[in-house]
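Participant: Dropping the structure in here first, questions after.
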Amino acid sequence: MSEENDQIISVQGLTTRFGDHVVHEDLDLEVRRGEILAIIGGSGSGKSVLVNAILGLFEPHSGTIEIFGKEMSNASDRLAVDRRIGVMFQHGALFSSLTVRQNVEAPLIEHAELRGEWLKRVALMKIGLVGLEAEVARQQPTELSGGMSKRVSVARALALDPELLFLDEPTSGLDPIGAAEFDQLIRTLTDTLGLTVVMITHDLDSLYSICDRAAVVADRKIVEIASIPELEQSDHPWIKDFFAGRAKRAKERNC
Amino acid sequence: MKLGSRPEIFVREEQENATLVVSGDWITQNLAELPPTVSYGSSDHPEIDCSELGRIDSVGALAILTLVHRAAKIEGLPENLARLFELVDAATQGEDASEAARHPLHVRLGKVVYRAGQSIKTSARFLGKLEVSLVRSIANPSRIRPVALASSIQKAGLESLPLIAIMTFFIGAVVALIGSDLLEQLGAAELVVELVGISVLREFGVLIPAILLAGRSTSTFAAQIGAMRMNQETEAMQVMGIDLFDALVLPRFLSLLITMPLLSVIAMIAGLAGGLVASWGIMGVSPILFIERLESAVEIRHFWVGIAKVPVLAAAIAITGCRHGLAVKGDVEQLGSRVTVAVVQALFAIIFLDAAFAVLFNVFGI
């Protein structure tokens, strides 16, 4: 694969601000094809804003964002790219008036024009793909537990077989066992379907078990982007605290 | 978007060995419908040749698995393809359990009756709690929350005032206009004052504000309280030991009870003013004559009849709004349907109560 093709997302010189409040200043980010990249950073450091900017949910102040090698300020390119992207929002963002199956079918009907029995079969397969039983398909989103709605949300994000998947805090609010299962699910899907995953997370377990690299957002920039063992050696104070903090806190408690 | 080549599957016969050849791009965009099935009758274990296969995704894999059931077990596929087949095959599920069968008529009827009974029960419970809260607040007025009450009075009362005044003004004018035509033919043009006076004081000055508030305040109350329920704010209040009725229902209930009589008086004045302007403009009845005749010919009891109805209507509006707001649980759609039901019920209650009052006053000759 050529060097260019290797970068699925390329953000250059991104500056975003709300009023006087500057969130990012001259931020660069590169995401490689086939990797699981975690975006970490303190609360309010602008992780979600960065992802929203990449997704085109608002117009950044300056900077260029390229996805699949296409410049995202071009509206017609944007539409074509959107179909190759799946997003799981933090709280699922399932359509509350539709059943689980209809939620998964929605993008299939809208963009791939699937119909009838075949549509139903595809939707049920997607629901099975994220490890849910067929019985769930008929339920309403409000009847689901937190972990289940996250899975349904992934099923919907995967409906059009995207090449790029965004996950916003996929394991927040899950119990450790559920979170570990979810991590494995993401890893399996990534390896098998050839996905590239960008996830916002605070979960050290996910970082160690499935993430190939992590990008640290701090001081309005990506201060470091590297594999987890490399990050552990970093001198940046926030990163040091992030990785050392847990061990240190546990030790202090034992004293 | 480039669609690539069409997904195709065909049989290549070679010396009694059938080989299924899969070619093209088997991706979602190309698979709005399943490609036509192929028959490979002669051989039960056909070879599959995926060397001409272009791109493939999970829907493509599902399509191949649907057409060739054994594809997952076929040896010698490239590793990533085998893994994809395996994953998709494991995920494929049969039909979901058939849709719940429709119940026979008597069961459905029974459910409707049961639900109506439940709804009466919750209404009764709501009224009981409201009464307790009301009596407690009368005994101990410091329980009333002044800020909530004042804000509710402003939103429900003051802000609807201009609209109510304008509406009743025009209705008073229309009554005068239509009446004048008929009364002039009968040679009793001055009776228009009685017509306007009695209809505005007894009915329009009461009904128009009530209908407007039923649309405006019932929906606001139901939506506000319903949204708080969805957001678990009501639960938070409960665990803090804050009485929901004291905090949410009573201020809204009292605010309508206080403002609606005032709104009605203003509506009556506006309605009479509308009648006055119309009869002056059309029939030349001077304002002084109109007011004099109003004083002498229209008894004050008509005003009291009208104003006596107001508290009952105000209570009906506030109660339907708050009760449906508190009944919301779960999703946004239910919030919407609850608000609709609240407004419809409030409007129905107003018209029904007004009719009941009309019959009652008629019987007692008031």
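Only the coordinates and a few stated rules stand behind these numbers; no lab work does. On a predicted model such as this, the values are computed, not experimentally measured, just so you know. All Cβ positions, even for glycine, are placed from backbone atoms using ideal geometry, and neighbour counts span all protein chains on display.
Participant: Run the reach check for A:LYS150 against aspartates and glutamates, Cα to Cα strictly under 16 Å, same-chain hits fewer than 8 apart removed. What comes back?
Facilitator: A:GLU133, A:ASP168, A:GLU169, A:ASP175, A:GLU181, A:ASP183, A:ASP203
Participant: On a straight-distance basis, which aspartates and glutamates could pair with A:LYS221 in a cross-link, Cα separation under 12 angstrom, same-chain partners fewer than 8 positions away excluded?
Facilitator: Partners found: A:GLU25, A:ASP26, A:ASP28.
Participant: Starting with the fewest neighbours, write out A:ASP20, B:ASP181 ranked by other beta-carbon atoms found within 10 Å of each beta-carbon.
Facilitator: Fewest-to-most ranking of A:ASP20, B:ASP181: A:ASP20, B:ASP181.
Participant: For chain A, what percent of Cα pairs sit more than 33 Å apart?
Facilitator: Numbers: 7016 of 32385 pairs.
Value for chain A (Cα pairs over 33 Å): 22 percent.
Participant: Report, as a whole number in µm² per second, the diffusion coefficient that Stokes-Einstein gives for segment B:230-303 at 37 °C and 0.692 mPa s using the Kirkwood radius over alpha carbon pairs.
Facilitator: 202 µm²/s
Participant: Given the peptides A:222-234, B:331-343, arrange them by the average over their residues of other C-beta atoms within 10 Å, most packed first.
Facilitator: B:331-343, A:222-234
Participant: Let me ask you something else. Could the peptides B:271-278, B:315-322, B:241-248 be put in order, highest first, of the mean number of other beta-carbon atoms found within 10 Å of their residues?
Facilitator: Packing order, densest peptide first, comes out as B:315-322, B:271-278, B:241-248.
Participant: Rounded, prolate or oblate: pick one for segment A:42-94, where a ≥ b ≥ c are the square roots of the eigenvalues of its C-alpha gyration tensor, a/c under 1.5 means rounded, and failing that, prolate if a/b is larger than b/c, else oblate.
Facilitator: Oblate is the answer for segment A:42-94, as a/c is 1.5 or above yet b/c matches or exceeds a/b.
Participant: Which ordering of B:MET167, B:MET268 is given by a fewest-first count of other beta-carbon atoms within 10 Å?
Facilitator: B:MET167, B:MET268
Participant: Over the Cα atoms of the protein assembly as shown, Rg to Rh with Kirkwood Rh, two decimal places? Numbers along the way, then the final one.
Facilitator: Working: Rg = 34.7 Å, Rh = 30.5 Å.
Radius of gyration over Kirkwood radius for the protein assembly as shown works out to 1.14.
Participant: A follow-up question, please. Let me know the number of lysine pairs in chain B closer than 30 Å at the Cα, not counting same-chain pairs under 8 apart.
Facilitator: Eligible lysine pairs with Cα atoms under 30 Å apart amount to 11.
Participant: Could you work out how far helix B:332-364 tilts from the main Cα principal axis of chain B, as a 0 to 90 degree angle to the nearest 10?
Facilitator: Taking the Cα atoms of chain B, the angle to B:332-364 is about 30 degrees.
Participant: In whole Hz and in residue order, list the ³J(HN,Hα) couplings for segment B:148-158 that follow from phi through the Karplus curve 6.51 cos²θ - 1.76 cosθ + 1.60, θ = phi - 60°; x for Gly and Pro.
Facilitator: Here the 3J(HN,Hα) series is 4, 5, 5, 5, 5, 4, 5, 6, 7, x, 4 Hz.
Participant: Residues with amide H under 5 Å of B:LEU20's amide H, sequence separation 5 or more or different chain, H placed in the peptide plane at 1.01 Å from N; which?
Facilitator: Counting only residues 5 or more places away or on other chains, the set is B:ARG12, B:GLU47, B:ILE48, B:ASP49.
Participant: I've got another one for you. Cβ neighbours within 10 Å, averaged per peptide: list B:109-120, B:350-361 in order, most packed at the top.
Facilitator: Highest mean packing first, the order is B:350-361, B:109-120.
Participant: Across peptide B:21-28, how many C-beta atoms of other chains are within 10 Å of each residue C-beta, on average? Can you show the working numbers first?
Facilitator: Working: counts 0, 0, 0, 0, 0, 0, 3, 12.
Taking all residues of B:21-28 together, the mean is 2.
Participant: Between the alpha-carbon centers of segment A:74-96 and segment B:311-361, tell me the distance in whole angstrom.
Facilitator: 41 Å
Participant: Continuing with the same structure: How large is ³J(HN,Hα) for each residue in segment B:211-224, as worked out from phi by the Karplus curve 6.51 cos²θ - 1.76 cosθ + 1.60 (θ = phi - 60°), to whole Hz, x for Gly and Pro?
Facilitator: For segment B:211-224, the Karplus-derived couplings read 5, 5, 5, 4, x, 7, 7, 4, 5, 4, 4, 4, 5, 4 Hz, x marking Gly and Pro.
Participant: Over the Cα atoms of segment A:109-157, what Rg and Dmax result, in angstrom?
Facilitator: My reading of the Cα-based Rg and Dmax gives 11.0, 30 Å.
Participant: Where the centre of each part is set by its Cα atoms, how far does segment A:16-63 sit from segment A:150-177, in angstrom?
Facilitator: 19 Å
Participant: Which net charge results when you count Lys and Arg as +1 and Asp and Glu as -1 among the other residues whose beta-carbon is under 12 Å from that of B:LEU84?
Facilitator: -4
Participant: Normalise the Debye intensity by I(0) for segment B:264-303, one equal point scatterer per Cα, no solvent, then take log10 at q = 0.20, 0.22, 0.24 Å⁻¹ and round to two decimals.
Facilitator: Evaluating at q = 0.20, 0.22, 0.24 Å⁻¹ gives log10 I(q)/I(0) of -0.62, -0.73, -0.84.
Participant: Quick query: amide H of A:MET88 versus all other amide H atoms, modeled in the peptide plane; which residues come in under 5 Å with a sequence gap of 5 or more or a different chain?
Facilitator: Correct list: A:PHE166, A:LEU167, A:ASP168.
Participant: Please report the relative contact order for segment B:114-364, taking Cα pairs under 8 Å with a sequence separation of at least 6, and give it as a percent rounded to a whole number.
Facilitator: On the way: 311 pairs, mean separation 79.7, N = 251.
Relative contact order of segment B:114-364: 32 percent.
Participant: Could you derive backbone 3J(HN,Hα) for segment B:248-260 from the dihedral phi with the Karplus parameters 6.51, -1.76 and 1.60 (θ = phi - 60°), listing whole Hz in sequence and x where the residue is Gly or Pro?
Facilitator: Karplus values, whole Hz, x for Gly and Pro: 10, 7, 4, x, 5, 4, 5, 4, 6, 4, 7, 7, 5.
Participant: Per residue, what volume in Å³ does the convex hull of the Cα atoms of chain B enclose?
Facilitator: Hull volume normalised by residue count: 295 Å³.
Participant: Also, quick follow-up: Take peptide B:55-67, look around each residue's Cβ out to 10 angstrom, count Cβ atoms belonging to other protein chains, and average those counts.
Facilitator: Details: counts 2, 2, 7, 10, 11, 1, 4, 7, 3, 0, 1, 4, 0.
Mean inter-chain Cβ contacts per residue within 10 Å come to 4.
Participant: Which whole-number percentage describes the relative contact order of chain A, with Cα contacts under 8 Å and a sequence gap of 6 or more?
Facilitator: 24 percent
Participant: Averaged across the residues of A:117-129, what count of C-beta atoms belonging to other chains lies within 10 Å of each residue's C-beta?
Facilitator: Mean partner-chain Cβ count within 10 Å for A:117-129: 6.
Participant: Counting only residues 5 or more places away or on other chains, whose amide H sits under 5 Å from the amide H of A:ILE8 once H atoms are built in the peptide plane?
Facilitator: Close amide H contacts, sequence-distant or interchain: A:VAL31, A:ARG32, A:ARG33.
Participant: Arranged by the count of other C-beta atoms within 10 angstrom, fewest first, what order do B:LYS309, B:LYS129, B:LYS121 take? Mind dumping the intermediate values first?
Facilitator: Values: B:LYS309 23, B:LYS129 16, B:LYS121 10.
The fewest-first ordering by Cβ neighbours comes to B:LYS121, B:LYS129, B:LYS309.
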